[in-house]
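Okay, so here's the structure we're looking at.
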Amino acid sequence: KHLSLESHPYHKFSTGTKFFVVCEPGTQHMEALLKVVYELYTDYVLKNPFYEMEMPIRFELFDINLTQAVQKDRVALLGR
């Protein structure tokens, strides 16, 4: 991106946001959890009119819902 011409559209776009989950090898449901994370990101961050790309994610509703999704997944994995 930084090597492209400033006049080229590619120069203006970032590579996107990536999330990752740190877990034990073989842990199930991580793809589903990541899907939920990206859905929450879209709903609470990207749809926020005050958010600009490259900003740190600081949205309370995103944090609350993300925490709930992770806890729900943890409960499902532990069978509790």
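Evaluating 6.51 cos²θ - 1.76 cosθ + 1.60 at θ = phi - 60° for every residue in the range 56-69, the Karplus couplings come out as x, 7, 9, 10, 4, 5, 4, 4, 4, 5, 5, 4, 5, 5 Hz, glycine and proline recorded as x.
Taking Cα centre as origin and charging only the Cβ of basic (Lys, Arg, +1) and acidic (Asp, Glu, -1) residues, the dipole magnitude of the range 30-79 rounds to 180 debye.
Each residue of the range 19-24 was assigned a 3J(HN,Hα) from its phi angle through the Karplus curve 6.51 cos²θ - 1.76 cosθ + 1.60 (θ = phi - 60°); the sequence is 10, 9, 10, 9, 8, 5 Hz, with glycine and proline shown as x. Electrostatic tally near Val37: other residues with Cβ closer than 13 Å to its Cβ, Lys and Arg +1, Asp and Glu -1, net -2. Charged neighbours of Ala69, selected by a Cβ distance under 14 Å, balance to -2 (K, R count +1; D, E count -1). Rounded to whole numbers, the Karplus 3J(HN,Hα) couplings from phi for the range 32-43 are 5, 5, 4, 4, 4, 4, 5, 5, 4, 4, 5, 5 Hz, using 6.51 cos²θ - 1.76 cosθ + 1.60 with θ = phi - 60°, and x at Gly and Pro. Taking only the Cα atoms of the range 30-79, the radius of gyration and Dmax are 12.1, 39 Å.
Each value in this text was obtained by applying a stated rule to the coordinates, not by laboratory testing. These numbers were taken from a predicted model, which means no experiment stands behind them. All Cβ positions, glycine included, derive from the backbone under ideal geometry; neighbour counts span all protein chains shown.
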